[in-house]
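Participant: Have a look at this one.
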Amino acid sequence: MNNNQEYQTTLALVAYLFDYPDADWWAKLPDCLDQSKKLTRQQNRQVLMDTLNYIETMGREEYEDLYVRTFEFSSNTNLYLTMHDRTDFGKQAREMLEFKNLFLDNGFDLDKELPDFLPAILELAAALSPEQAGKVLAAARSKIELLRQQFVKATLAHTFLLDVILTEADVLEGKTA
């Protein structure tokens, strides 16, 4: 797998794993495992495979319950990046506009999701050139790091998926190889 495919596949897989686990999601989970096995970055490959194993071991009902409690009903660990340091709603609105502009500036628009939804941002980055993807992840980085802090406090296994995102951001910014 070449470097372009590597970051695109990795970000798309992480985005998928953060999506709501409906019946279609569960049906495609074996494909995620197959794609994960093809990644060349050993650490990312292992995190994704371990996460998939964790999900499968937990089982559908228990995992869906965890997902809803963690990502939909918790204000501390939801996947909307402008929600975690809300002290000023004007600031949140500006940040939301900045995320919206990330999509528009790259020729995309969102119909069903808010622009600060982490899986949508990852899907955007996966669809872009390495340079543009790096810019998108750099723009979201501080929010992803803040979300990671919340995940650590909540002792979520999904913390490691955020580490994968940050690793890919570093690679795209040329900080690591």
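Participant: Looking at Asp109 and the list (1) among the acidic types (Asp, Glu); (2) under 15 Å from Phe18 (Cβ atoms); (3) not in a helix (DSSP H, G or I), which single condition is not satisfied?
Facilitator: Of the numbered conditions (1) among the acidic types (Asp, Glu); (2) under 15 Å from Phe18 (Cβ atoms); (3) not in a helix (DSSP H, G or I), the odd one out for Asp109 is (2).
Participant: Would you confirm, using the coordinates I've provided, whether Thr9 is of a type in the set (Val, Ile, Thr), open to solvent by 40 Å² or more (accessible area, probe 1.4 Å) and assigned to a helix (DSSP H, G or I)?
Facilitator: On the way: of a type in the set (Val, Ile, Thr): yes; open to solvent by 40 Å² or more (accessible area, probe 1.4 Å): no; assigned to a helix (DSSP H, G or I): yes.
When the stated conditions are applied, Thr9 does not pass them.
Participant: Only one of these is within 21 Å of Val164 (Cβ to Cβ), in a loop (DSSP other than H, G, I, E, B), open to solvent by 60 Å² or more (accessible area, probe 1.4 Å) and out of contact with any His (no Cβ under 6 Å at 6 or more places or on another chain): Thr77, Thr57, Thr40. Name it.
Facilitator: Just a single option satisfies the conditions, and that option is Thr40.
Participant: A follow-up question, please. Considering each of Leu102, Leu114 in turn, give the residue that is modelled with pLDDT under 95, touching a strand residue (DSSP E or B) at 6+ places or on another chain (Cβ under 9 Å) and not basic (Lys, Arg). Walk me through how you get there before you give the answer.
Facilitator: Details: Leu102 fails: touching a strand residue (DSSP E or B) at 6+ places or on another chain (Cβ under 9 Å).
Exactly one residue qualifies, and that residue is Leu114.
Participant: Scan the range 159-177 for residues that are hydroxyl-bearing (Ser, Thr, Tyr), open to solvent by 30 Å² or more (accessible area, probe 1.4 Å) and in a helix (DSSP H, G or I) and jot them down.
Facilitator: Residues of the range 159-177 hydroxyl-bearing (Ser, Thr, Tyr): 159, 167, 176.
Next, only the ones that are open to solvent by 30 Å² or more (accessible area, probe 1.4 Å) stay: 167, 176.
Scanning the range 159-177 gives a single hit, Thr167.
Participant: Applying the selection to the range 12-25, what residues are in contact with a Lys or Arg (Cβ under 8 Å, 6 or more places away or on another chain) and open to solvent by 40 Å² or more (accessible area, probe 1.4 Å)?
Facilitator: Listed by number, the list holds a single entry, Tyr16.
Participant: Scanning the range 80-92 for residues that are open to solvent by less than 30 Å² (accessible area, probe 1.4 Å) and part of a loop (DSSP other than H, G, I, E, B), which turns out nearest to Ala140 (Cα to Cα)?
Facilitator: Among those residues, the one meeting the criterion is Leu81.
Participant: Let me ask something additional. Go through the range 136-158 and give me each residue that's of a type outside the set (A, V, I, L, M, F, W, C) and buried (at least 17 other Cβ atoms within 10 Å of the Cβ). Spell out the reasoning first.
Facilitator: To start, the set of residues in the range 136-158 that are of a type outside the set (A, V, I, L, M, F, W, C) comprises 141-143, 145, 148-150, 153, 155, 158.
Result: Lys143, Arg148, Gln150, His158.
Participant: Here's something else I'd like to know. Tell me, yes or no, whether the range 141-150 has at least one residue that is outside any loop (DSSP other than H, G, I, E, B) and within 20 Å of Asp50 (Cα to Cα).
Facilitator: Taking every residue of the range 141-150 in turn, at least one turns out to be outside any loop (DSSP other than H, G, I, E, B) and within 20 Å of Asp50 (Cα to Cα).
Participant: Looking only at the range 93-120, count every residue that is among the aliphatic types (A, V, I, L, M) and open to solvent by less than 50 Å² (accessible area, probe 1.4 Å) and tell me the total. Working first, answer last.
Facilitator: Within the range 93-120, the first condition is being among the aliphatic types (A, V, I, L, M), and the residues that meet it are 93, 96-97, 102, 104, 110, 114, 118, 120.
Among the residues that remain, those that are also open to solvent by less than 50 Å² (accessible area, probe 1.4 Å) are: 96, 102, 110, 118, 120.
Matching residues across the range 93-120 total 5.
The values are calculated or read from the model by the stated rules, or taken from the named source; none is laboratory data. Computed from a predicted model, the values in this text were never measured in an experiment. Cβ sites come from the backbone with ideal geometry, for glycine too, and all protein chains shown count toward neighbours. Quick note on the areas: whole protein, heavy atoms, side chains included, nothing else; ligands and nucleic acids left out. Shrake-Rupley method; radii C 1.70, N 1.55, O 1.52, S 1.80 Å.
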